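Asker: The structure follows.
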Amino acid sequence: MRGFSLTLALGGSRRFWETARVPEPELTTRSATPADVDAVLAFWERAAENADRPADSAEAVTRLIARDPESLLLVFDGERIVGSLIVGWDGWRSHLYRLAVDPDRRRRGIGRTLLDAAEQRLTAAGARRIDAMVLDSNRPAHELWSRAGYTRQSTWARWIKPIARRATSA
């Protein structure tokens, strides 16, 4: 597989995505912008595992990008999104979720490219451990995470509580 390094300029004095290994020359990797929100939602509808999770919304993705402009990493083939990963870092814990690769482009290194870039960002930020949220039923994803050096932690379970969004009065 031919690859090359891509230097990503994200602005500001902190550059978390220093380089990313991109497996195919026509691919580019960068953080999402507000202009990408509709394309991200369409991509997730096509490529992501959507079972057992709340519906995605433009408002939520916009809020994510506004809170941490480097949190949503995308891989493009031209103008088309072919990979995504949310990289959460709160200064203490690091979480990876919403790893998705275009079904027609899987097993070509796009997922690994996203993981490498995320690990680089989190390591530079001071993370000491990374965890990933992966659906139990998503067996192909288990293979990717295992090949990347992640192990299932059997001593923890994820506990969730859906909360209703309260309307605010103006």
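The values are calculated or read from the model by the stated rules, or taken from the named source; none is laboratory data. What you see is a predicted model, and the numbers here were worked out from it, not measured in a lab. Here Cβ is always computed from backbone atoms with ideal geometry, including for glycine, and neighbour counts include all displayed protein chains. All accessible areas refer to the heavy atoms of the entire protein, side chains included, with ligands and DNA or RNA removed. Shrake-Rupley method; radii C 1.70, N 1.55, O 1.52, S 1.80 Å.
Asker: Please work out the FRET efficiency for the pair Ala66 and Ser154, using the Cβ-Cβ distance as r and a Förster radius of 22 Å; give the result to the nearest 0.05.
Answerer: 0.05
Asker: Rolling a 1.4 Å sphere over the protein heavy atoms, what is the accessible area per residue of segment 28-170, to the nearest Å²?
Answerer: Here the per-residue accessible area is 65 Å².
Asker: On the accessible surface of segment 57-170, probed at 1.4 Å, how many percent belong to carbon and sulfur atoms?
Answerer: On segment 57-170, the fraction of accessible area on carbon and sulfur atoms equals 52 percent.
Asker: Related question: For Ala42 and Arg147, what does the FRET efficiency come to when R0 = 25 Å and r is the distance between their Cβ atoms, rounded to the nearest 0.05?
Answerer: My answer for the efficiency is 0.35.
Asker: Going by average Cβ neighbours within 10 Å, how do the peptides 61-74, 113-126 rank, with the highest at the top?
Answerer: Order by mean packing, descending: 113-126, 61-74.
Asker: Over the alpha-carbon set of segment 53-103, divide Rg by the Kirkwood Rh and report the Rg/Rh ratio to two decimals.
Answerer: Using Cα coordinates only, the ratio equals 0.98.
Asker: Over segment 82-170, what is the relative contact order in percent, taking alpha-carbon pairs closer than 8 angstrom and at least six residues apart?
Answerer: Over segment 82-170, the number comes to 26 percent.
Asker: Hey, another quick one. When only alpha-carbon atoms are used, what values of Rg and Dmax, in angstrom, describe segment 57-170?
Answerer: That works out to 15.6, 51 Å for Rg and Dmax.
Asker: Further, regarding this structure: Per residue of segment 29-35, what does 6.51 cos²θ - 1.76 cosθ + 1.60 with θ = phi - 60° give for ³J(HN,Hα)? Whole Hz please, x for Gly and Pro, Karplus curve as stated.
Answerer: Result, rounded to whole Hz: 10, 7, 6, 5, 10, x, 5.
Asker: Report the full-extension gain for the segment Arg129 to Arg106: residue separation times 0.36 nm, less the Cα-Cα distance, to one decimal in nm.
Answerer: Extending this stretch completely gives an extra 5.7 nm.
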